[in-house]
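Have a look at the structure below before the remarks.
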Amino acid sequence: MTYPAGVREAALEFVRSGGSARGAATRLGVSLGAVCKWCRGAGVPLRRGGRGGPERRPDSPVERPAERRSPRARLGLDRRCVIEVRLRDGRSLREIAREIGVSHTTVAREVARNRGADGAYRARAAQRRSEEAARRPRERRVESSQRLRAYVVARLAERWSPRQISARLVAEFPGDEGMRLSHEAIYQALYVQGRGSLRQELLVEQALRSGRRARRPRSKLPPRTGAKTWVEGCEISLRPAEAADRAVPGHWEGDLVVGPGTACLVTLVERSTRFLVARRLDARDSRTVVDLLIGMVAEVPAGVRSALLSTLTWDQGSELAQAARLTEATGFRVFFCDPRSPWQRGTNENTNGLLRQYFPKGTDFSLVGDDEVRLAQDQLNGRPRETLGWRTPAEALAEVLSGASGALTA
């Protein structure tokens with residue numbers, strides 16, 4: 001696009017008088033590119049910004065910003081000495097920062113970090129601490145404390161997560177600041193190779209809650225058809241409203257953990273305390289499963305049975321087709337989830353996922369001993385849960401039992 005010669009001269013005169021190229025373009029109604037081209041052709045220095053800043057020749061190289069360093073790296077012994085002297089003279093932190101050319105927050109952090117017992121800042125001591133902190137590798141707390149390391153290794157071996165370990169350290173050692181470790185520090189000790197790494201004593205996989213890398217999508221298959229007579233009158237929609245409130249104990253969720261053969265695990269999880277009961281079976285027909293459940297209920301002390309056993313939520317599997325016999329023998333009311341709705345008994349689904357840490361998919365339960373099942377059950381009941389305020393399910397159940405016993409004696 002061509003502009004009248006008068007416009008070009010007016011733009012050049014505006015820039016020569018201290019204005020910016022952008023201001024000239026706006027005032028004269030021309031493009032910024034045209035004004036810059038005219039200035040380059042006439043050798044007129046350009047002004048930065050919309051209002052005209054420092055001059056820059058069209059052919060001058062663009063200045064690169066200085067490389068940014070951490071605030072601590074910018075302070076050497078010379079600047080620290082200036083800080084010490086100026087503080088002694090009563091100068092403010094902002095004045096000191098302007099003199100040595102750093103942010104006032106840098107000076108504030110430096111002084112706060114290095115005050116002595118008498119409140120005075122000393123440059124040489126601050127420089128010495130800075131040099132010690134800069135040395136690598138720095139020793140991790142889990143490496144320097146054998147007692148703390150032994151606790152972490154023992155809990156990881158029991159398949160606790162790093163967050164559970166970190167929270168329980170505070171609960172079990174409330175007055176011992178030496179027994180403190182963040183979950184991030186545990187993860188770093190697990191994953192970072194080298195001296196002191198927890199990999200020397202433990203496999204990383206034992207610290208992970210699940211080996212799954214992404215959520216599995218819900219099934220998009222159409223619902224199955226076919227009459228399931230044992231579900232009629234026991235739909236989850238008929239379950240008492242108090243069963244959905246985890247504040248009331250005594251409501252359970254159950255399911256089978258199956259393998260390639262007919263052997264399986266029967267799992268029951270109490271909704272409010274997350275307490276798990278797991279037993280092994282060599283067959284999973286309805287009669288065998290119900291007989292086992294009746295036997296498990298009989299193990300509960302009669303005095304607290306009413307507090308511990310109210311409802312049982314199961315999926316619509318045929319292994320509980322004789323649910324009416326279970327209710328008649330124990331008073332344990334059974335309700336069934338809607339088809340393809342495992343989230344309606346999510347506590348049990350989550351717990352079965354934790355059990356897979358001990359018995360991965362494909363495990364043949366006919367080759368698994370009852371002692372192995374009991375060990376996994378006890379470890380899960382002894383593992384702290386965030387949803388319980390970092391108590392363990394065993395501790396939460398003990399509180400329920402003590403409350404039930406107190407009500408009976410009263």
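FYI, it's all coordinate maths here, none of it is from the lab. Everything numeric here is computed off the predicted structure, so don't read it as measured data. No Cβ is skipped: glycine too gets one built from the backbone with ideal geometry, and neighbour counts run over all protein chains shown.
Below is a table of values for the structure above.
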{"item": "FRET efficiency for Leu375 and Glu95, using Cβ-Cβ distance with R0 set to 56 Å, rounded to 0.05", "result": "0.25"}
{"item": "Förster radius 56 Å - calculated FRET efficiency between Tyr3 and Ser103 (Cβ-Cβ, nearest 0.05)", "result": "0.75"}
{"item": "J(HN,Hα) series, region 369-384, from Karplus relation 6.51 cos²θ - 1.76 cosθ + 1.60, nearest Hz, glycine and proline x", "result": "x, 4, 5, 5, 5, 5, 5, 4, 4, 5, 5, 5, 6, x, 9, x"}
{"item": "Full-extension gain in nm, Glu299 to Arg340, via 0.36 nm per residue minus C-alpha separation", "result": "11.6 nm"}
{"item": "At R0 = 22 Å, FRET efficiency that the Cβ-Cβ distance of Arg356 and Ala157 yields, to 0.05", "result": "0.80"}
{"item": "Neighbourhood net charge (14 Å Cβ-Cβ; Lys/Arg +1, Asp/Glu -1) for Gly119", "result": "+2"}
{"item": "Local electrostatic count at Arg287 - Lys and Arg +1, Asp and Glu -1, tallied over other residues with Cβ under 10 Å", "result": "-2"}
{"item": "Length added when fully stretched, Arg27-Arg325, from 0.36 nm per residue minus Cα-Cα", "result": "98.1 nm"}
